[in-house]
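The values are calculated or read from the model by the stated rules, or taken from the named source; none is laboratory data. What you are looking at is a predicted structure, and each value in this text was computed from that prediction instead of being measured. Don't worry about glycine lacking a Cβ; one is built from the backbone with ideal geometry, like all the others, and counts go over all protein chains shown.
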């Protein structure tokens, strides 16, 4: 995994490149990109950009997590995915010049590096090879979005939707002797926004999962003892 050092007021901040963008950059291009990155601290629940708003910057996630969501005209929110360390947010809008399709909001205190759209496009003009890496990253984001909408639209029940969501999240979790572990600090209301369910329904469904020993919660850590058992529950 590529690692780049990003300056922050004289101290180093490590950022692991989790997308192809970093891996495909030449040393010169990576050095130039690094010079554009300056870490800024953001509290929780801060909106970085909003759907239908013009693109002003792209955001590199250095630490923390950012929720990407869409909203209905009635104010209902559907959360699409959670972006983590190394991701660059707002790429599609920055490239096309069209308004954002999603809203990006910090879930917890985070460190991000905003790069102005003009500076970012200037970087791409100087290093055209980066366009391919960015296209691959946008395609990856599109595939994730389609997968989430497929789960939401084609799953027949809330338990199935929630089980599929937990299985998806656990793919990037930690594998231990007791099962797959993942950070689970979202409220039940926030979880419901990923599957189109109420807070009460999420609470009730998680209780059923716990009773059947499909999941176990310890503070902010959720463990799936057997991914196969949860998968079988989905397919039952």
Residue in the range 144-165 that is under 16 Å from residue 91 (Cα atoms) and out of contact with any strand residue (DSSP E or B) (no Cβ under 9 Å at 6 or more places or on another chain) present:
no
Between a first residue in the range 132-146 that is at negative phi and a second residue that is surrounded by fewer than 19 Cβ atoms within 10 Å (Cβ to Cβ) and assigned to a helix (DSSP H, G or I), which pairs have beta carbons less than 7 Å apart while being 6 or more apart in sequence or on different chains?
133/20; 136/20; 137/20; 138/92
Is it true that some residue in the range 218-235 is closer than 23 Å to residue 104 by Cβ, outside the structural domain of residue 107 (by TED's automatic domain parsing) and part of a loop (DSSP other than H, G, I, E, B)?
yes
Among the numbered conditions (1) under 15 Å from the mean Cα position of the chain (by Cα); (2) part of a helix (DSSP H, G or I), tell me where residue 186 comes up short.
(2)
Note on the range 191-200: residues surrounded by 17 or more Cβ atoms within 10 Å (Cβ to Cβ) and either touching a residue at least 24 places away in the same chain (Cβ under 8 Å) or farther than 26 Å from residue 85 by Cβ (or both) are 191, 193, 194, 195, 197
So which residues in the range 154-182 are exposed (fewer than 15 other Cβ atoms within 10 Å of the Cβ), modelled with pLDDT of 85 or more and either over 11 Å from residue 223 (Cβ atoms) or in contact with a helix residue (DSSP H, G or I) (Cβ under 9 Å, 6 or more places away or on another chain) (or both)?
157
For residue 113, only one of the following conditions fails: (1) closer than 20 Å to residue 71 by Cα; (2) crowded, with 18+ Cβ neighbours inside 10 Å; (3) in contact (Cβ under 8 Å) with a residue 12 or more places away in the chain. What is its number?
(1)
Among (1) modelled with pLDDT under 95; (2) more than 30 Å from residue 182 (Cα to Cα), which single condition is residue 91 missing?
(2)
